[in-house]
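Below is one structure, written out as structure tokens; comments come after it.
The values are calculated or read from the model by the stated rules, or taken from the named source; none is laboratory data. Since the model is a prediction, treat every value here as computed from it, not as a measurement. In this analysis, Cβ positions are derived from the backbone assuming ideal geometry, glycine residues included, and neighbour counts consider all displayed protein chains.
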Amino acid sequence: MVTRQDLTSAQQAVQAAHAALSFAVTYPEVTLDWHEHGQVLVLLAAPDERWLALAELRLDGYRTVSFREPDLGGQLTAICAEPAAAPRLSRFPLALGGGERHDGNRREGDAD
């Protein structure tokens with residue numbers, strides 16, 4: 001899942017949950033397979049809506065669900081993608097101040 005760093009931590013969590021639940025309803029077979037084979041769940045963050053929209057474009061061809069928050073004027077706030085899409089998203093840092101990328105490396109310029 002990818003949300004936006006420019007949202008509060010609470011908003012990031014809620015928007016990601018919206019996307020995840022929507023994905024589970026839209027793709028129950030993928031969700032069941034995920035549940036039976038590992039249950040890896042990663043929450044990443046794009047800097048803002050523009051970057052999140054670019055991430056959405058990179059996921060063309062993968063099963064995804066995007067969430068647009070009505071209370072924020074329909075802004076794109078989160079994306080949930082099938083596990084196979086993970087390599088397309090691995091350069092985004094972990095959400096909620098994690099600081100590392102999904103691939104386990106620190107972002108360039110981060111302090112140790």
* Residue satisfying condition, being more than 18 Å from Thr8 (Cα to Cα), among the acidic types (Asp, Glu), surrounded by 16 or more Cβ atoms within 10 Å (Cβ to Cβ) and without any contact (Cβ under 8 Å) to a residue 24 or more places away in the chain, within set Glu56, Glu36 -> Glu56
* Test result for Gln15, among the polar types (S, T, N, Q) and under 16 Å from Pro70 (Cα atoms) -> yes
* Asked: What residue, among those in segment 23-51 that are under 13 Å from the mean Cα position of the chain (by Cα) and assigned to a helix (DSSP H, G or I), is nearest to Arg68 (Cα to Cα)?
  -> Glu49
* To do: Would you be able to tell me the number of residues in segment 7-22 that are in a loop (DSSP other than H, G, I, E, B) and within 14 Å of the chain's Cα centre (by Cα)?
  => 1
* Within the bounds of segment 47-56, is there any residue that is in contact with a His (Cβ under 9 Å, 6 or more places away or on another chain), within 15 Å of Ala19 (Cα to Cα) and at pLDDT below 95? -> no
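Residues are listed down the side, and each one gets a yes or a no for (1) in contact with a Ser or Thr (Cβ under 9 Å, 6 or more places away or on another chain); (2) among the basic types (Lys, Arg); (3) exposed (fewer than 15 other Cβ atoms within 10 Å of the Cβ):
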{"site": "Arg50", "(1), (2), (3)": "no, yes, yes"}
{"site": "Glu69", "(1), (2), (3)": "yes, no, no"}
{"site": "Ala84", "(1), (2), (3)": "no, no, yes"}
{"site": "Arg91", "(1), (2), (3)": "no, yes, yes"}
{"site": "Gly97", "(1), (2), (3)": "yes, no, yes"}
